[in-house]
1. Give region 109-127 a look and list any residue that's under 12 Å from residue 79 (Cα atoms) and in a loop (DSSP other than H, G, I, E, B), or say none.
2. Answer yes if at least one residue in region 5-13 is part of a loop (DSSP other than H, G, I, E, B), under 26 Å from residue 133 (Cβ atoms) and either touching a strand residue (DSSP E or B) at 6+ places or on another chain (Cβ under 9 Å) or modelled with pLDDT of 95 or more (or both), and no otherwise.
3. For region 18-40, give me the residue count where each residue is under 14 Å from residue 56 (Cα atoms), without any contact (Cβ under 8 Å) to a residue 24 or more places away in the chain and assigned to a loop (DSSP other than H, G, I, E, B).
């Protein structure tokens, strides 16, 4: 069977993986068994995708990222260089906790900056933006901007990653696209 994706000669792909067309897997990366990787993904250098991870279409993973079992990334997710996922809340070398892996869902269009850490079990909302070096210890709402350690919300962003400034009635306009957003009850949605 002819593959319709690119794999660098130094990368290793285990058996029973599904890899979508036009996906690129770069130097020294390892795709482990039973992964599902969508179309047009870009898997950078020295990336490990653990068993049973699911990546949607157009997911971009920068260099030196490990995506552990229990992580699901929806379409259009960006994972910055050397960002970190966890999948066990209280790891110990001498204690096998594979049955305790926690799930983390990174929803459509979310971006996670370089060197950020996502503590397992905390989902990242649609189009949310996690700043470089942030440590995520709680759920992130859709369109939220989080920075720091532990990370705190400092604002809202559009689908295109631009800051949203809401007026007194809870409306904001993206500076780039002119799309309108509504803030109601602590949640943002596109108008």
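The values are calculated or read from the model by the stated rules, or taken from the named source; none is laboratory data. Values in this document were obtained by computation on a predicted structure and should not be read as measured data. For neighbour counting, all protein chains shown are included, and Cβ atoms are generated from backbone atoms with ideal geometry for every residue, glycine included.
1. 109, 110, 113, 114, 115, 116
2. No, there is no match, as no residue in region 5-13 is part of a loop (DSSP other than H, G, I, E, B), under 26 Å from residue 133 (Cβ atoms) and either touching a strand residue (DSSP E or B) at 6+ places or on another chain (Cβ under 9 Å) or modelled with pLDDT of 95 or more (or both).
3. 6
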